[in-house]
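Peer 1: Have a look at this one.
The values are calculated or read from the model by the stated rules, or taken from the named source; none is laboratory data. Worth saying up front: this structure is predicted, and the values here are computed from it rather than measured. Here Cβ is always computed from backbone atoms with ideal geometry, including for glycine, and neighbour counts include all displayed protein chains. Note: accessible area is taken over every heavy atom of the protein model, side chains too, but ligands, DNA and RNA are not part of it. Shrake-Rupley method; radii C 1.70, N 1.55, O 1.52, S 1.80 Å.
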Amino acid sequence: QVRVAIIGDGSERERLEKDCDRFGVRDRVIFVGSLYDEKAIAGWCTNAVACLFPGNAGLGLLHAFGYGVPVIVSDGGQTPEIEAVVSGKNGLVYTDGDAISLAQQMAKILGNPEQRERMARAAELEVQEGGFTLEGMVSAMENAVKSVVSNARGRS
């Protein structure tokens with residue numbers, strides 16, 4: 001009953017398409033390709049029950065949260081945006097490189113609609129209240145630049 005949309009493109013796409021054919025799930029997997037148009041991204045996100053990031057989540061994580069979509073992310077090699085994820089509250093974390101751990105987290109989010117709905121609300125609130133708005137991120141960057149300038153002046 002699960003349908004998967006893979007947004008993005010890269011060197012693994014051909015292998016993934018062959019794997020879908022080999023495992024007999026090709027009819028449930030849509031390879032969307034790269035998307036940069038906000039309206040197109042919105043259409044996929046607003047219809048998703050979760051966003052899975054098998055690699056580095058980056059800003060896509062906050063994008064998903066902005067649409068009120070909980071995430072599933074790995075615990076390996078992430079960018080600073082990972083700080084927004086509170087496992088069990090607005091997303092789930094799996095052990096990097098562990099397919100069983102990933103499958104367990106996917107089953108948790110798919111099998112519990114009430115928890116998923118709570119996580120969706122918490123994801124959206126994290127963006128609104130956690131400083132991840134455009135204004136909050138600009139303010140944080142401004143403060144970082146001021147700090148660097150202040151430190152540089154103190155050394156001269």
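Peer 1: Based on the alpha carbon coordinates of the chain, what radius of gyration and maximum Cα-Cα distance (Dmax) apply, in Å?
Peer 2: 18.0, 66
Peer 1: Here is a further query. Taking 0.36 nm per residue of separation and subtracting the Cα-Cα distance, what length does fully extending Ile100 through Glu135 add?
Peer 2: Stretched fully, the Ile100-Glu135 segment lengthens by 8.7 nm.
Peer 1: Anyone know which of Gly130, Gly91, Gly68 comes out most mobile in the 10 Å Cα GNM of the chain?
Peer 2: Gly130
Peer 1: OK, next. I'd like the carbon and sulfur percentage of the solvent accessible area for the stretch 28-156, probe radius 1.4 Å, heavy atoms only, ligands and nucleic acids excluded.
Peer 2: Carbon and sulfur atoms account for 56 percent of the accessible area of the stretch 28-156.
Peer 1: Please give the net charge around Asn90, taking every other residue with its beta carbon less than 14 angstrom from that of Asn90, where Lys and Arg add +1 and Asp and Glu add -1.
Peer 2: -1
Peer 1: Then there is this: Please tell me the relative contact order of the chain in percent, rounded to the nearest whole number, where contacts are Cα pairs under 8 Å and at least six residues apart.
Peer 2: 17 percent.
Peer 1: Let me ask another. Compute the acute angle (0 to 90°) between the alpha-carbon long axis of helix 134-155 and the principal axis of greatest extent of the alpha-carbon atoms of the chain; round to the nearest 10°.
Peer 2: 40 degrees
Peer 1: Same structure, new question: With all protein chains present, calculate the accessible area of Ile7 using a 1.4 Å probe and round the result to the nearest 10 Å².
Peer 2: It works out to around 80 Å².
Peer 1: A further question on this structure: What do you get for the angle between helix 99-111 and the principal long axis of the chain? Use alpha-carbon atoms, 0 to 90 degrees, nearest ten.
Peer 2: 90 degrees
Peer 1: Top to bottom by accessible area (1.4 Å), largest first, where do Thr79, Thr95, Thr46 land?
Peer 2: Thr46, Thr95, Thr79
Peer 1: Give me the accessible area per residue for the stretch 11-156, probe 1.4 Å, as a whole number in Å².
Peer 2: For the stretch 11-156, the per-residue accessible area is 63 Å².
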